[in-house]
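Here's the structure, in structure tokens; my notes come after.
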């Protein structure tokens, strides 16, 4: 599968990779350069592969309260919230953002690309789904404009004032592009930088992409998207969270409104909250030189205490960093070992983020 | 993409530059380009012996881990210590400052197992397709 910007990526000389069936740029010039451009100026990401599932109609709110871990009924118009879709064992089917278009009646779910068909199928199987769901992933494009200078490029290209929306809020904005020009702009992102994500009709995407690049935004690939999110400790579904892990184990309870409503998977989470869990997702910063990678084993005093689920070098810290599920008896600031090619390398257990975010809340 | 004429090449994208009984070795322009930003390198110890085709170290980019295979058998008589602190040199100058080790060769005839510049270029063009 290809996004509407495939030809633009090729024209820019991007290195393309297969990402769950999508042909996407992994880098244009260099992951490190693109990473630093987002931290210091403005990165531009084609994330049109993301899925958009609309939930609309009488009963939309009740339906979503069953399907999602957050109290959807407390959301205001133009609010965004991060949430999970859990299976009946509390395992994470997907993590997503919920956009409240019309309280009670109309919502958009932005879901992970590779999970879109699975999510749609799961949602359809929940009682009350009839007539509510509309998967518009194919005709929705999405760009992320991220970095301290994003505000200037948005002003210049779209006449859009970033401060007209607060963190995790969105708005509609009309732009003088071609055809139907309504953009949905949200103050959200997956990088820890200030900026927005823009949803639009696929036909508008190319014009906006080129306009932002011409004004100075730096196109960034999936490689930088991954190192940026890892520096913030944001989980990646399929690596750090999946149907075999729960939000409690992953330390993501902030996106679970456990006490205020019923939802699928809640019993397991209540039990885990009461009895505790045996492992937790933690951050590791390497004290020795080396780069932790997915699957590497973590040890403490000769004992296997867990496994790395995401690892890389942090371009900002110039050190190896990782997310790892670790025995919950291990505390923050303890020193553990990561086994890298049979050698134990020292790492400190921390609570992410690894790098301070720049989000203006 | 550069393929210097005076070098010998392995199928795993290392190069060797013969200098008497010594062979200077590194990775090719193609290899560094495929890996992207190189951020880490580990090399076997100076003084250790190695066989042709055996691993003499590991190089890592942001995305990938790649082992390094010796283009010839012998003793590693020098390693490029500068790379340990600044592995990005390999991206900038893979055939020059980005050299990795010097091998005192056991048997110079082993170089006949390697590709010349023209053969390697053809090999890479096939692999790229």
Query raised in the report: Would you say residue A:17 is assigned to a strand (DSSP E or B) and crowded, with 23+ Cβ neighbours inside 10 Å?
Result: no
Query raised in the report: If you go through the range B:47-65 one residue at a time, do you hit one that is farther than 27 Å from residue A:286 by Cα and within 14 Å of chain A (Cβ to nearest Cβ)?
Result: no
Query - Which numbered condition residue B:84 misses (of (1) within 14 Å of chain A (Cβ to nearest Cβ); (2) surrounded by fewer than 19 Cβ atoms within 10 Å (Cβ to Cβ); (3) outside any helix (DSSP H, G or I)) - result: (3)
Report task. Please go through the range A:293-319 and pick out each residue that is more than 14 Å from chain B (Cβ to nearest Cβ) and over 21 Å from the mean Cα position of the chain (by Cα). Result -> A:297, A:298, A:299, A:300, A:301, A:302, A:303, A:304, A:305, A:306, A:307
**Report entry** Conditions (1) surrounded by fewer than 20 Cβ atoms within 10 Å (Cβ to Cβ); (2) over 26 Å from residue A:311 (Cα atoms); number of the one not met by residue A:243
**Finding:** (2)
Query raised in the report: Taking the range A:297-314, which residues are buried (at least 16 other Cβ atoms within 10 Å of the Cβ) and more than 30 Å from residue A:36 (Cβ to Cβ)?
Result: A:300, A:305, A:306
Requested in this report: Keeping to the range A:315-351, report how many residues are surrounded by fewer than 20 Cβ atoms within 10 Å (Cβ to Cβ) and closer than 21 Å to residue A:228 by Cβ.
Outcome: 6
Report task. All but one of (1) out of contact with any strand residue (DSSP E or B) (no Cβ under 7 Å at 6 or more places or on another chain); (2) farther than 23 Å from residue A:223 by Cα; (3) within 14 Å of another protein chain (Cβ to nearest Cβ) hold for residue B:92, so report the exception by its number. Result -> (2)
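Please work out if residue A:346 is at pLDDT below 95 and more than 14 Å from chain B (Cβ to nearest Cβ).
Values: at pLDDT below 95: no; more than 14 Å from chain B (Cβ to nearest Cβ): yes.
Here the answer is no, as residue A:346 does not meet what is asked.
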Requested in this report: Give me a count of the residues in the range B:52-68 that are farther than 22 Å from residue A:289 by Cα and surrounded by 14 or more Cβ atoms within 10 Å (Cβ to Cβ).
Outcome: 2
Query raised in the report: Got a sec? Which of A:37, A:67, A:60 is crowded, with 21+ Cβ neighbours inside 10 Å and either within 14 Å of another protein chain (Cβ to nearest Cβ) or closer than 24 Å to residue A:151 by Cα (or both)?
Result: A:37
Query raised in the report: For the range A:159-271, which strands (runs of 3 or more DSSP E) that fit wholly inside it have 1 or more residues that are more than 14 Å from chain B (Cβ to nearest Cβ), free of Cβ contacts under 8 Å to residues at least 40 places away in the same chain and touching a helix residue (DSSP H, G or I) at 6+ places or on another chain (Cβ under 9 Å)?
Result: A:170-174, A:182-186
Report task. Please verify whether the range A:18-27 includes one or more residues that are out of contact with any helix residue (DSSP H, G or I) (no Cβ under 8 Å at 6 or more places or on another chain) and within 14 Å of another protein chain (Cβ to nearest Cβ). Result -> yes
Query raised in the report: Considering A:199, A:170, A:152, which residue is closer than 30 Å to residue A:316 by Cα and surrounded by fewer than 20 Cβ atoms within 10 Å (Cβ to Cβ)?
Result: A:152
Query - Considering residues of the range B:1-20 that are touching a helix residue (DSSP H, G or I) at 6+ places or on another chain (Cβ under 9 Å) and part of a strand (DSSP E or B) only, the residue nearest to the other protein chains (Cβ to nearest Cβ) - result: B:14
**Report entry** Matching strands (runs of 3 or more DSSP E) fully within the range A:43-144 where at least 2 residues are in contact with a helix residue (DSSP H, G or I) (Cβ under 7 Å, 6 or more places away or on another chain) and within 21 Å of residue A:250 (Cα to Cα)
**Finding:** A:80-86, A:92-102
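The values are calculated or read from the model by the stated rules, or taken from the named source; none is laboratory data. Bear in mind that the values here come from a model prediction, so they are computed numbers and not experimental data. Positions of Cβ are backbone-derived with ideal geometry, glycine not excepted, and every protein chain shown enters the neighbour counts.
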